[in-house]
Amino acid sequence: MSSLRTRVSQAARDPERFPTESDEALGQALLARVEALVAESKLPRPALLLFGPDQVTQVDLLPVQQTGANMHRFIAACTRVDLEVDVVALVGVMGLRLSRDSKQSIPAAMVFLERPDCRWWSAQRVLKEKKLSDELPARLRSAEEGWPRPGGLGGWWSRGRYEGLQLKLHRDTPTVH
């Protein structure tokens, strides 16, 4: 069993900030937040959001990336955490490969949602010189519209179940009130 240190925070789920009526509504709200940070010249680092009916748990993915751990497997393990989670969202500015043959990635503001039944919703907006550009609007896709799932994203719930993954969270410091 291996361990990894990363930052995890949890808060009550505010339905105004994080809508519950549809993946489209939640995805658009998350994309608006990522785009707002990019517009302020703050490039949000990759994070995983675990949404339950009453709570949101945020997992910082940069330490996972920096250790060279298998990101896909780590996210799959996050679907198996002992919290009530009904959707996971990968958000932030990440490298995007425009084709399978491309060896170079370009920065993009991204949101990818996935549910336990493997439905997904995605938004990808390529950045120009680390900024938003009107000539490069967000590309929105979803499983419900019949699009193929973007390469390298999703399948986390299935993998977590298939591999019997588990994630256990431990606190380093006591909670301060």
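Note down the relative contact order for region 56-136 as a percent, whole number, built from C-alpha pairs under 8 angstrom at least six residues apart.
Values: 88 pairs, mean separation 15.3, N = 81.
The value is 19 percent.
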In the P(r) worked out for region 1-63, what percent of Cα pairs fall beyond 17 Å?
50
In whole angstrom, largest first, the equivalent ellipsoid semi-axes that the Cα gyration tensor gives for the chain are 25, 19, 18
Report, ordered by chain and residue number, the lysines lying within cross-link reach of residue 128, taken as a straight Cα distance under 18 Å and ignoring same-chain residues fewer than 8 apart.
42
Work out the charge dipole of the chain with +1 on the Cβ of Lys and Arg and -1 on the Cβ of Asp and Glu about the Cα centre, then indicate which of 70, 93, 28 is farthest towards its positive end.
70
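Sorted by accessible area with a 1.4 angstrom probe, largest first, how do 133, 9 fall? All intermediate terms of the calculation are to be shown ahead of the outcome.
On the way: 133 15, 9 60 Å².
Heavy-atom accessible area, descending, gives 9, 133.
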If the cut-off is a Cα-Cα distance under 17 Å, which aspartates and glutamates reach residue 130, setting aside same-chain residues fewer than 8 apart in sequence?
35, 40
CD proxy, 222 nm, the chain: helix-only mean residue ellipticity via -39,500 (n - 2.57) per DSSP H run with n ≥ 4, per residue, nearest 500, stands at -6500 deg cm²/dmol
How about residue 168: which aspartates and glutamates have a C-alpha closer than 17 Å to its C-alpha, ignoring those fewer than 8 places off in the same chain?
60, 82, 84
Under the definition of Cα pairs under 8 Å and six or more residues apart, what whole-number percent is the relative contact order of the chain?
21
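The values are calculated or read from the model by the stated rules, or taken from the named source; none is laboratory data. In this text, all values refer to a predicted model and were calculated from it rather than measured experimentally. Cβ atoms come from the backbone with ideal geometry, glycine included; neighbour counts cover every protein chain shown. All accessible areas refer to the heavy atoms of the entire protein, side chains included, with ligands and DNA or RNA removed. Shrake-Rupley method; radii C 1.70, N 1.55, O 1.52, S 1.80 Å.
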